[in-house]
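One structure below.
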Amino acid sequence: MSGERTLKIKKQLHYRKVGESAPKVCRLCGHRKLVPIYRIGGELHKHDYRCEIIGLHNSIRYAVRDDHVCDRFAYFPKKTEQKGGE
Ligand code: SF4
């Protein structure tokens, strides 16, 4: 058997695989956050990506992948890219 059951919110937002070269992917989305993942006993296991829209929970079911996207994708402009005029 493969994988975990898909979260209801992932289905509602049409979270789907689009390929790493797609112009809109979780990897480029401002809602993606790198968060600490803890073991059941409370010790730090690793850091991994979660989504502030889907939920920043420990469970692997909340993981968002580089080559996926959902309907809430949003580019967040980086401050260093703000133009001051030419
Ligand atoms: S909002 Fe959607 S596209 Fe953006 S990180 Fe979350 S799941 Fe990925």
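What follows is calculated from the coordinates using simple rules that are stated; it is not laboratory data. Remember, it's a predicted structure, so these values are computed and weren't measured experimentally. Every residue, glycine as well, gets a Cβ built from its backbone with ideal geometry; the counts of neighbours run over all protein chains shown.
Residues in the range 4-49 that are part of a helix (DSSP H, G or I) and either in contact with a Lys or Arg (Cβ under 7 Å, 6 or more places away or on another chain) or of a type in the set (Val, Ile, Thr) (or both): Ile9, Cys26. When the range 57-76 is limited to residues that are surrounded by fewer than 17 Cβ atoms within 10 Å (Cβ to Cβ) and within 11 Å of Arg16 (Cβ to Cβ), the one that is farthest from the ligand (Cβ to nearest atom) turns out to be Asp67. If only residues of the range 34-52 that are among the basic types (Lys, Arg) and loosely packed, with under 13 Cβ neighbours inside 10 Å are counted, the one that is nearest to the ligand (Cβ to nearest atom) is Lys46.
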